[in-house]
Structures are given as structure tokens and as C-alpha cells.
Amino acid sequence: MEKFEHEYNADQIQVLEGLEAVRKRPGMYIGSVSVRGLHHLVYEIVDNSVDEALAGYCKNIKVTIEPGNIICVEDDGRGIPIDKHAKTGLSAAETVYTVLHAGGKFGGDSGYKVSGGLHGVGASVVNALSEWTEVTIQRDGGIHQMSFERGKTVKPLTRIGDSKKTGTKVRFYADDTIFETLEYEYEVLENRFREMAFLTKGLSIELEDQREEVPRTAKFCFEGGLNSFVEYLNRSKEKLHPQPIYIEKEGDFPVEIAIQYTTSYSESIYTFVNNINTIEGGTHLEGFKRSLTKVFNDYARAKNILKEKDANLVGDDIREGITAVISVKVKEPQFEGQTKTKLGNSEVAGIVQSMVNEHLANFLEENPNVGKAILEKCISAARAREAARKARELVRKKNSLETATLPGKLADCSSKIADECEVYIVEGDSAGGSAKQGRDRRFQAILPLWGKMLNVEKARADKIYGNDKLNPVILAIGAGIGNEFDITKIRYGKVIIMADADVDGAHIRTLLLTFFFRYMRPLIENGNVYLAQPPLFKLSKKGMEDIYCYTDEDLDKKFAELAERGISRDQVGIQRYKGLGEMNPDQLWETTMNPETRTLVKVTMDDAISADEIFSLLMGDEVNPRREFIEKNAKYVKNLDI
Ligand code: 28F
């Protein structure tokens, strides 16, 4: 391809060096070069369209995954300005695409651009990390186009036609020498765009995946904003009141909040700052919680639901069953925390608090029935909390009478260094026996599970302490549950669920994962939870070492490899394992437990919102969503060879 010959001046050389820095250390700009970083490219471009929407000029965004993993993002905003930039001598549009951070703070007063975290690094980073980028702008009566290769301009902005419309279209093909994969995941993008549409009332975001013969499409546009978001999150839950409580304030410091209580026992509060999910919370969340506690206590006292002698309700009681989304816009956000997703601006707490104080108190005055329903729930949560405390004490007493607070069924390992220790949680008698015999007792502990299954979505903490199936798990891990869970106390670095690859196995896996998600979430966040992968088949032949296959595809692969060696299918014996119990201790060690040869799957919390949704779906009495979840396990479980 013929390229424009550039004569570079000092400014432009700096520009090239800037983008070269991005290519050298992509992780610094987009987090990682995994599929996650790849999706980040799309978000960066779409964020620019969303900013144009927030400025009030763009109503529609369309994202297309073209065949061959080319991304096209199109909006109907004003179009990126095309006039010459005084300093660089380039068009404004080219500057945005080639100068590092030009996009990050453009205009200065252009609204709520993000200055922290990974977001908002801008179009130039996408450009630097793409094999090619093509930008088409409709503006000032014309169609203007420019293109780049790996961040370098190959065609400066050129007028290629006339148009009365306005808008910006960006197509790019990510650089496969930088990214581990170029395969975009439709569901991941779909979830993100749904979320973005909820967060920007009235904005329409369309997604089309043209990689399949029949394109997949989705279109999101919510006039209800966060109200729609909360209704969506609660779609499979029983509500305490029909409409979410809605709080909105525009102006210098925009705040939008929607709240709806359900009969569930868990708390789902999601918070956003400048459309970024603040997973670690921060001052906005603190202000919200403080206000909620105060307003409900004041209301309960005023209505004599709490008597003078009664103690105040605590925050946990008041948040049981709550679903809420909080979205604030902050001019200069400070992001803190491990993943830079915790809002640090101290002034925000007070602003959110006083706003919620005022709105919520008014709402309760005007809707006494809703107030009553919520308070009844809070009071029953308080009673359950008291019952849980007693149950916990009972368990503690009972256990201290028995052997050193460890469950009787636990075959512990000899090492006491948590980092090197693993506990296998195993369902059933024979599998537990094989695991005990097959393990390396220096660092591997076995906990066989017994007793009645409990759906933790439908039980409060008091029931969990008393449950003969889950209590041993709590004791073995040794770090408590709920608010009291203390990750520094865990007794094993790896908590490994080992269950059969059948319906019963799926059941126990689901139960334990739900339990960990609701009551020991840091254990998942910290990457301590794993799924063991027992083989499905064994291939054997006289004079040949046994071959184990872990999936149906694996079986086909192994047969193909054997064929290359001149061994046909009918020459080998094939055993299908129906359960772990069919394996003898040596086989179990070799295939599933030996760190040298096993495969473990690490459970991740990539997307807390979809995890929460999945677990809520599972709560239902229906079997089908449960089964679907198991089949879709891959959604939040990442493959990891260890
Ligand atoms: C598919 C991706 O990037 N859309 C965008 C605009 C609109 C303006 C703008 C963008 C101004 C000075 C940089 C137009 N008119 N979609 C997009 N739409 N950027 S990005 O301004 C950028 C800055 O230098 C815009 C008036 N003001 C702003």
C-alpha cells in the first residue's frame, strides 16, 4: 500500500514517541492484553460517543462487530472538530487520535471526563494498539476521512464527499501482535452496553454481531434510567413495593439513585462515578448508607415502630433485600483502592447523604405503606441477626467442647502455612475415601460433605451456622462468614470443589459457589476458589500408558493423536467415569489432585453484576435456570492451567 510521506517536526516526533510508549507497555493504558484489554478498546471509543451524548448532542450509537473481528462504532453527534489545531498544525480530529491523552481532558470544561482509573485514556491509545484505524466524520457539510496504521497517520484528514448529516464513525482492527486474542465476546459487550444505556437515560445503543451468518443484535434504550436498571436487576425477585424509589438531582453535581427492596436476604448495591463501575465503593456509597440508616431509624421512631427502649436498627438490617444503583458525576474524581475503583473525594459523602436524607424522608412520608413494608423487613432482619448471633455462639461453644473447632470429618494436612495448603471439598462417601488415600497429606486436606442441602439464597445467616453441610466448610476454612469474614484467617490458599460431572455434582458446585459468593465473597475476589476437573474418560490398551480425557473434545483429540500412531478406536478400551468414586486413589491423585498433572479452574469475579444475577436466578425453584448456569459456567469461570 502506498503511504503518505510525512515530514515530522519536533511536536510530531513527540507524538510518535507517545504512541510508541503505549505499544511498549499496553497494560499501563488498558490494563492487560487479554480479552479484557481487547474489549477495553471498544469501550474507549464508545465512551467518546457517550460523552457526546452527555453533552446533549448524540442520541444513537451503533456498534458492529464485523466479520474478521473488525469493530465499527458510529454516532450521530456533532462529529469530531476538523479545524486545524494551533499547536500541532494538525486537524483537531487527527490530534485526538494521535496525541496521547488529548482525548482525556479535551476542552477542559467538556464535562465529566475521567482522570483516574483505566477509562478515558482516549482514542489515541486505541489507535496505537490497532493494526489499522479509519475515522470518518460528517460535519460542516462534508464527509471527512483519515486513517492510521499502528498509530501512524497513513492518510491525514481528507474531504471525501458531501453530507448534511453530522456524526463520527470509527472502524478499527486490533493489533494481533499485541493482543492474546482478537475474538470479541458478544455477551460481554452486550452487558456493558446495556449498563451504559441504563446509566444514560434516553441514549440508544445498538449492537450487531456480523461474524455469524445470522447476525445477532441487541438494542438498548431506557427512558427510565436507573429505575429501569433496578427493575432489570430485580426481574427474577419478589418486590416489596411495585416502583423503585427514585432520586435525581441535576446541576453542578449530578446524582441519580434508584432503590427497590425485595424479599431476598442479600444486598445488591451498585455504584458508578462518571459511568465507571466503582466496584470498591467509596465516599458516594458511604454517604448513601449513612443516610439510609438514619432516615429509616428516624422514621421508625417517629411512627413508633421502634419504641424508646428498642435499640437502633443497624445498617445491615436496613439493607437486607435492597437493590440499589447509585450514579454520580464528579468533575475531578480521585480513584483509590487496589483496582482504582473506589471514590476518594470526601466532599461527595456529605452531598449524597443530605440529598438522600431529604428525598427519602419525603418519600416515606408520602408512601407510608412502602415505608411500613420495608421496616417490617428490617425488623425481621434484626431479629434474625440476633438469632444468628446466638446460633454462632452455640456452634462456638459446641465446637470448643469438641476437637479444636475443626470439623470431625476433616482430614487435615500437616502443613499449617495457608499459602501452600489446599482443601478439597468432596461430596460423597467413596470419593472422599479415595481422596483421603490418594492425597499428599503434607499440604492437601480433604473435607467430605454430608447432610442436608441448603439453598443459601433462601436462608439467613442463622440457618447457615446451624446447617450440618455448610458449618464444616466454615470451620475448615476458619475465617468466619458475612461481615465477620476475615481473609487473613483462611487456613488454605486453595479451596477446591471436587464434584462429579453429573447433575448431583452440579448441584453441590452451585450450592457451594452461591454460598461463597454470598457469605465469603473476598475468597472468590482474592482468587482462592477452584473447581477440580476430574477426567470423563480413560483410554487403555495393553502396553500403552492409560490416557485420560477431560472433555468430549479432548477425547476426539486423543483419538486423533492415537490414529497418527496407527492405533484405531476399536483397539483401545474406553471407560467412561460416572463419578469420582469409580477411580481408585492412585488414579484420583494422578488425574485430579497432583499439582504437576491436574487442571484446576479458577473461579473469578470478573463481573459482579452478572454473577449476582446468575446467583439470583439460581435461587428460583425452577431447575432449568440452574442447569443453564452450570452449562454456562464458563461465563465467570476462567480456565487456568496449574
Ligand atoms: C465513534 C466514536 O468519538 N464521537 C465524538 C465528538 C464531538 C466533539 C468532540 C468528539 C474538541 C476540541 C477535541 C464537536 N463539536 N465517536 C466519537 N464526537 N469530540 S468524539 O470534541 C473533541 C475536542 O478538541 C465536539 C464541538 N465540540 C466537541
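The values are calculated or read from the model by the stated rules, or taken from the named source; none is laboratory data. Since we're looking at a predicted model, the values are computed, not measured. With ideal geometry, Cβ positions are generated from the backbone for all residues, glycine too; neighbour counts draw on all protein chains shown. With ligands, DNA and RNA removed, areas are computed over all heavy atoms of the protein, side chains included. Shrake-Rupley method; radii C 1.70, N 1.55, O 1.52, S 1.80 Å.
Here segment 457-506 is treated as a Stokes sphere of Kirkwood radius computed over C-alpha pairs; at 25 °C and 0.890 mPa s its diffusion coefficient rounds to 197 µm²/s.
Hydrophobic, long helices, defined as DSSP H runs whose alpha-carbon span along the helix axis is 27 Å or greater and whose mean Kyte-Doolittle value is at least -0.5, occur in the chain at 35-54, 347-366.
The simple spin-label model puts a point 7 Å past each Cα toward its Cβ; for Ala387 and Gln14 those points are separated by 6.8 nm.
Here the label points at Lys152 and Met28, each 7 Å from Cα along the C-beta direction, are separated by 2.1 nm in the simple model. Does segment 254-398 come out rounded, prolate or oblate, given a ≥ b ≥ c as the square roots of the eigenvalues of its C-alpha gyration tensor, rounded meaning a/c under 1.5 and, failing that, prolate meaning a/b above b/c? The shape class here is oblate.
Principal semi-axes of the equivalent ellipsoid, √(5λ) from the alpha carbon gyration tensor of segment 330-482, are 43, 24, 14 Å from largest down. For segment 373-447, the alpha-carbon coordinates run over 54, 27, 26 Å along the three principal axes, in decreasing order. With both residues required to sit in the chain, DSSP beta bridges show an antiparallel share near 75%.
The relative contact order of segment 1-88, computed from alpha carbon pairs under 8 Å that lie at least 6 residues apart in sequence, is 18 percent.
Coordinate range of the alpha-carbon atoms in segment 245-334 per principal axis, descending: 45, 27, 22 Å. Across segment 446-466, the residues whose backbone nitrogen lies under 11 Å from the label position 7 Å along the beta-carbon direction of Lys409 are 447-453.
Applying both filters, DSSP loop and at most 12 other Cβ atoms within 10 Å, to the GluC sites (Glu not before Pro) of segment 164-209 gives Glu183. The shape of segment 402-492 comes out oblate: with a ≥ b ≥ c from the C-alpha gyration tensor, a/c is at least 1.5 while a/b does not beat b/c. What a 1.4 Å probe finds exposed on the chain is 49% carbon and sulfur by accessible area, rounded to a whole percent.
Averaged over residues, the count of other Cβ atoms within 10 Å places the peptides 254-260, 56-62 in the sequence 254-260, 56-62, highest first.
Only DSSP H runs of four or more residues enter the estimate; each adds -39500 (n - 2.57), and after division by the residues of the chain the mean residue ellipticity at 222 nm equals -11500 deg cm²/dmol. By its C-alpha gyration tensor, with a ≥ b ≥ c as the square roots of the eigenvalues, how is segment 224-278 shaped: rounded for a/c under 1.5, else prolate for a/b larger than b/c, else oblate? Because a/c hits 1.5 or more and a/b exceeds b/c, segment 224-278 counts as prolate.
Per residue, the chain exposes 47 Å² of solvent-accessible protein surface, assessed with a 1.4 angstrom probe and all protein chains in place. Taking 20 Å as the cut-off, the amide N atoms of segment 35-59 that come nearer than this to a point 7 Å along the Cα-to-beta-carbon line of Glu223 belong to 54, 56-59. Only residues of segment 157-173 count here: report those whose backbone N is under 12 Å from the spot 7 Å along Cα→Cβ of Gln210, or say none. Of the residues in segment 157-173, 171-172 have backbone N under 12 Å from the label point off Gln210. If the cut-off is a Cα-Cα distance under 19 Å, which lysines reach Lys489, setting aside same-chain residues fewer than 8 apart in sequence? Filter leaves Lys416. Taking label points 7 Å from Cα along the Cα-to-Cβ direction, Gln338 and His241 give a separation of 3.5 nm.
For the cross-link pairs Lys239/Lys463; Lys59/Lys237; Lys289/Lys372, the ones whose C-alpha atoms lie over 21 Å apart are Lys239/Lys463; Lys59/Lys237. When the P(r) of the chain is calculated, the portion above 35 Å amounts to 51% of the C-alpha pairs.
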